[in-house]
Amino acid sequence: MSAVRVLVGTRKGAFVMTSDGKRERWDVSGPHFAGWEIYHLKGSPADPNRLYASQSSGWFGQIIQRSDDGGKTWHQPGTPAGEPTTTPEGMPKGESNKFVYDTSPETGKPLTTHQWYDGTPHPWEFKRVWHLEPSLTDPDTVYAGVEDAGLFRSTDGGQMWQELPGLRGHGSGRSWAPGAGGMCLHTIILDPSDPNRIFIAISAAGTFRTDDGGKTWRPINRGLHSLYIPNPTAEVGHCVHRIAMHRSRPGVLFMQKHWDVMRSDDAGESWREISGNLPSDFGFPIDVHPHEPDTIYVVPIKSDSEHYPPDGKLRVYRSRTGGNEWEPLTKGLPQQHCYVNVLRDAMAVDSLDRCGVYFGTTGGQVYASVDAGDSWTLIVRDLPSVVSVEVQTLP
Amino acid sequence: MIRVVLPAHLRTLARVDGEVTLDIEGPVTLRSVLDALEACYPMLRGTIRDHVTHQRRAFLRFFACEQDLSHEPPDTPLPDLVVSGAEPFLVVGAMAGG
């Protein structure tokens, strides 16, 4: 029988939740890395026992953790304790938490400045990894989206990281600015039909695409309209919160922007609004049903200053028509006095026949639906504030 | 033998209980103690000082013998009581709520 494993990152540790295919009873383990902020953890599609986790702290910085047994045990990839930190030839061994922007004349780009909140130039500073995206085919290859916005890649299981500097240095970096959560690269989508194509999104710069494996990038934000920036239709500067794709239709992208839910049918070349009858088109996560490419999910939030559901009712909205026509999903969700948020990486879907949908809240609840959103139950409540939710469908 | 006291989260990362002890040849300074600490416990690299600049992370402080050494130059000799092992060198997380 199939099983699922839900990976939950919180402000004070990680939790791993497992169930059989019925998804009625859950085993919850954790907190792993207790007391640390776990922005994201995700499993490799090529080896479901290979997990990567981003562990960070304002005091101690960034740590990368790896599990090779599905989350039972973890280690920091790189040089084990007590071993020399250099090879006999004098070369440094792996330092899994070393994220250094590539400024070398041969391969990198000069480290210039980006815009600070007040529009003044601000130096690029690494702060943390927001999102880890394992390769679709190689368990040892994994991408990391970081704050200040940049894209890194490891090809040795997380031991060493190299920036893909063409993104940060493609030309518009000076005009990127932080969103309220920082200037983060939070979304990485690997195109299953084209290994050279990657989509990423940055708050607040927008969406970018490479068609040559990460060497060169260009912004793909035509059609976005953002009233909070000086030029609402600028090429960059949009606060994209999240993008999603169905793997059977990699040219179709869905976006939850700061305001507006958007859709592209040409791999990001142009976007159109599909907010339709949503009670608010502000929100953070967006995801796609695993078997129905036109069924999408969002969680409307009241506004950019009131980060909680409209009317105190926690409602997931589903569109079965690829946008514009939305229905509220409320069964099992609190419909009064609910003032939590659902962050951008805190929603995921499994790929069982009866699709499971999962999300976590800033109030520490993790909800699951085993009927594609028709009804919801709590897996667990009262965790620390949930930052990310991922799910693995296991054989 | 130099004794080093780490904050709880770094002890967890280093997988040690209690104090860490280090053998250092030559002058015992902030730099040589941190070099030796990171050599013995590579997983701590980047958690106390920056990988490249070796600047102390902003929310960490260094103390020994009731002296605040956080802002001393890296080649400052540590007190004799630390060198003799009578007193530990302390890595302390700056106090903050939460």
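May I ask you to list the residues in region A:22-63 that are within 25 Å of A:T393 (Cβ to Cβ) and among the β-branched types (V, I, T)?
Scanning region A:22-63 gives A:V28, A:I38.
Hey, among the residues in region B:1-19 that are closer than 25 Å to A:R66 by Cα and away from chain A (no Cβ under 11 Å), which one's surrounded by the fewest Cβ atoms within 10 Å (Cβ to Cβ)? If you could, list the steps in order and put the result at the bottom.
The initial filter retains those residues of region B:1-19 that are closer than 25 Å to A:R66 by Cα, namely B:6-17.
From the residues that got through so far, the ones that are away from chain A (no Cβ under 11 Å) too are B:11, B:17.
Values: B:R11: 17, B:D17: 8.
Here the residue is B:D17.
Does region A:243-256 contain at least one residue that is among the charged types (D, E, K, R) and farther than 16 Å from A:D294 by Cβ?
Here is the first cut: in region A:243-256, the ones among the charged types (D, E, K, R) are A:247, A:249.
Still in the running and farther than 16 Å from A:D294 by Cβ: none.
So far as region A:243-256 goes, no, none of its residues is among the charged types (D, E, K, R) and farther than 16 Å from A:D294 by Cβ.
What are the residues in region A:274-311 that are more than 22 Å from A:E390 (Cα to Cα) and in contact (Cβ under 8 Å) with a residue 60 or more places away in the chain, if any?
The answer is A:D304, and nothing else.
Considering only residues that are exposed (fewer than 15 other Cβ atoms within 10 Å of the Cβ) and acidic (D, E), which ones fall in region B:73-98?
B:D75, B:D80 - these are the residues of region B:73-98 that are exposed (fewer than 15 other Cβ atoms within 10 Å of the Cβ) and acidic (D, E).
Looking at (1) over 23 Å from A:M245 (Cβ atoms); (2) out of contact with any Lys or Arg (no Cβ under 7 Å at 6 or more places or on another chain), which one does A:A348 not meet, given that it meets all the others?
Every condition holds for A:A348 apart from (1).
Give the residues of region A:1-15 that are within 28 Å of A:S57 (Cβ to Cβ) and surrounded by fewer than 21 Cβ atoms within 10 Å (Cβ to Cβ), sorted by residue number.
A:R11, A:K12, A:G13
Tally up the residues in region A:46-69 that are more than 10 Å from chain B (Cβ to nearest Cβ) and surrounded by fewer than 18 Cβ atoms within 10 Å (Cβ to Cβ), please.
Of the residues in region A:46-69, 6 are more than 10 Å from chain B (Cβ to nearest Cβ) and surrounded by fewer than 18 Cβ atoms within 10 Å (Cβ to Cβ).
Name the residues in region B:35-89 that are free of Cβ contacts under 8 Å to residues at least 24 places away in the same chain, among the charged types (D, E, K, R), closer than 18 Å to B:I2 by Cβ and away from chain A (no Cβ under 14 Å), would you?
Listed by number, the residues that qualify are B:E66, B:D80.
Could you check A:I229 against (1) within 22 Å of A:I286 (Cα to Cα); (2) in a loop (DSSP other than H, G, I, E, B) and say which number it fails?
(1)
State yes or no: is A:G360 of a type in the set (G, A, S), in contact (Cβ under 8 Å) with a residue 40 or more places away in the chain and closer than 11 Å to A:V6 by Cα?
In short, yes.
Okay, residues lined up against (1) within 21 Å of A:L343 (Cβ to Cβ); (2) crowded, with 16+ Cβ neighbours inside 10 Å; (3) aliphatic (A, V, I, L, M):
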position	(1), (2), (3)
A:P195	no, no, no
A:I200	yes, yes, yes
A:A205	yes, yes, yes
A:N221	no, yes, no
A:W259	yes, yes, no
A:D265	no, no, no
A:E273	no, yes, no
A:G276	no, no, no
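Read-outs throughout are calculated quantities, based only on the coordinates presented, and are distinct from any laboratory measurement. Just so it is clear, the structure is predicted and the values come from calculations on it, not from any experiment. As a convention, Cβ positions derive from the backbone with ideal geometry for all residues, glycine included, and neighbour counts pool all protein chains shown.
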